[in-house]
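The values are calculated or read from the model by the stated rules, or taken from the named source; none is laboratory data. Everything numeric in this text was worked out from a predicted model, so none of it was measured. Cβ atoms come from the backbone with ideal geometry, glycine included; neighbour counts cover every protein chain shown.
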Amino acid sequence: MPQHAIGLKSLIWNNNLRSLGLLLAYPLVMLAVLWGIGYITAATGMNNIRPVDPIMIANRWLYDYWPLMTGAVAIWFTIAWFFQTSMIRAVSHARPVTRLEEPALYNLLENLCISRGIKMPALEVIDDPALNAFASGTGDSTYSITVTRGLLDRLPPDELEAVLGHELTHIINRDVRLLIVTVIFTGMFGFLAQILWSNFRYSMWLPRSNDNSRRGGAVFFYLAILAIVFCGYLVSTLARFAISRNREYMADAGSIELTRNPEAMMRALMRISGHDRIDHVTDDVSMMCIENSKAFLGLFATHPSIEDRVRTISAVTGTTIPALSATPAAELSPESRNPWL
């Protein structure tokens, strides 16, 4: 949680530069995928292309199709950028709430925003007993903080305030915008890979021929194309891991700076640990959350462990790791309500 090394303005500037870098890097990855597809097409002799010089054919593909590829990327990004709020709401099953519906939650976030002199983001709730929260949006008009019903029901006010401060820090630091950019482009690779895999499974593109050698070549061809697209997806996803893991330490530090209560942040993380799974949400939404215990492909953790985060807070602030004296979240029913609400 080394937030003292650089100032907040430097952090925001760095995140803005990273966002710009990703905007440039992802189209380059797409062009690399296009080149690889051209190379495999030429090397395997598919589509009546003789395997004379795969590199020359791949370069020609890149020259001929780069305007179409970059145009498709630009259209995809534009649509996702302007409609990402409704998309995230749809896949997370969140709903907007007002001060009348959740006055205590609304007042906690409003007080934090007033303390920093910033515009208050929209508030949304997911009716799920899990304990989790995330921030989303790309600008002041689209920023929002979403919390689960379980978080509202099971956390005392100071711990809920710490969680809100964590998510608000993501917005202040502009790393929520950075993550949205990675979600948009990673989704592009994922969508393309799903289409290719679906078509391969149902043999829609394989030649209907009794020539076993030709059919075997077609199978190799489409598996190679799928592998290239998956490599692009993996590269974009691994870039997102680094962003996601590092930003959590910074957001914990930002929350403590806002609330002046490191113990509440530690207690909130400890209570969330093991109870973060939200039903029916995508991996993209899970990666945006304050905690995601589900590893990508079962191999890579998208967040630092709760234990590491709690130890870091304790070490940096000199605060003893607290013991949870309240009823553990696992022992509370989804219908239980906090008496402070």
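Some observations on this one:
- Checklist (1) over 15 Å from Tyr143 (Cβ atoms); (2) surrounded by fewer than 16 Cβ atoms within 10 Å (Cβ to Cβ); (3) without any contact (Cβ under 8 Å) to a residue 40 or more places away in the chain applied to Phe82, failing item: (1)
- Some residue of region 269-289 being over 19 Å from Ala135 (Cα atoms), modelled with pLDDT of 85 or more, surrounded by fewer than 18 Cβ atoms within 10 Å (Cβ to Cβ) and of a type in the set (D, E, K, R): no
- One residue alone among Ser209, Ser198, Ser213 is part of a loop (DSSP other than H, G, I, E, B), farther than 30 Å from Val97 by Cα and modelled with pLDDT under 65, and that residue is Ser209.
- Among the residues making up region 280-313, those that are farther than 24 Å from Ala80 by Cβ and charged (D, E, K, R) are Glu291, Glu307, Asp308, Arg309, Arg311.
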